[in-house]
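The values are calculated or read from the model by the stated rules, or taken from the named source; none is laboratory data. Here the structure is a predicted model, which is why all the values come from computation and not from measurement. Glycine gets a Cβ as well: all are built from the backbone with ideal geometry, and neighbour counts include every protein chain shown.
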């Protein structure tokens with residue numbers, strides 16, 4: 001194998017090892033745990049990906065570490081929680097923790113705290129979605145009335161009625177899908 005191929009293979013292997021999943025346990029506030037779960041569920045992304053996004057940027061994490069007030073952090077009631085994250089994310093977390101003499105738990109807690117602005121925006125969007133969902137429901141109800149009327153006037157086997165029925169059925173399917181999404185999103189109302 002040439003030196004160039006060997007070098008590329010080594011980098012590819014290192015890159016893959018960095019993406020390998022590992023488990024790590026942190027002591028976090030209930031609010032941080034809820035925030036992480038909420039954003040992951042609400043945005044439809046894995047918690048591992050969210051951790052990677054929050055922690056993998058060493059420069060931003062270093063800036064955050066410089067701002068942490070350990071006395072305030074130590075007053076927070078915290079519980080142990082184990083998460084899956086990438087090896088690279090854990091390595092960055094360990095490196096910043098050691099270089100800034102800041103506990104890993106504090107870095108994770110304050111990194112998650114940055115999600116509050118995302119949650120605030122999503123909370124507003126959720127209210128807008130609720131209003132739009134009511135309109136979708138009203139649209140389906142109106143379509144059902146039209147279908148009923150068309151069947152009375154034209155008969156059930158009329159091609160017009162079959163087309164209207166397909167449209168109403170598609171709208172009902174969409175309404176059900178949206179209903180599931182809205183139910184999952186209700187978590188944000190309680191935040």
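Of the helices (runs of 4 or more DSSP H) lying entirely inside segment 96-186, those carrying at least 1 residues that are free of Cβ contacts under 8 Å to residues at least 60 places away in the same chain, more than 32 Å from the chain's Cα centre (by Cα) and farther than 30 Å from residue 77 by Cβ are 116-154, 159-185.
Would you call residue 7 more than 26 Å from residue 181 (Cβ to Cβ), part of a helix (DSSP H, G or I) and modelled with pLDDT of 90 or more? It is false that residue 7 is more than 26 Å from residue 181 (Cβ to Cβ), part of a helix (DSSP H, G or I) and modelled with pLDDT of 90 or more. On the basis of being surrounded by 14 or more Cβ atoms within 10 Å (Cβ to Cβ), in contact (Cβ under 8 Å) with a residue 40 or more places away in the chain and assigned to a helix (DSSP H, G or I), does residue 64 make the cut? Yes; evaluated as a whole, the condition is true for this residue.
Residue by residue, here is whether (1) over 18 Å from residue 53 (Cβ atoms); (2) surrounded by 15 or more Cβ atoms within 10 Å (Cβ to Cβ); (3) touching a helix residue (DSSP H, G or I) at 6+ places or on another chain (Cβ under 7 Å) holds:
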site: 79; (1), (2), (3): yes, no, yes
site: 83; (1), (2), (3): no, yes, yes
site: 117; (1), (2), (3): no, no, no
site: 121; (1), (2), (3): no, no, no
site: 125; (1), (2), (3): yes, no, no
site: 133; (1), (2), (3): yes, yes, yes
site: 142; (1), (2), (3): yes, no, no
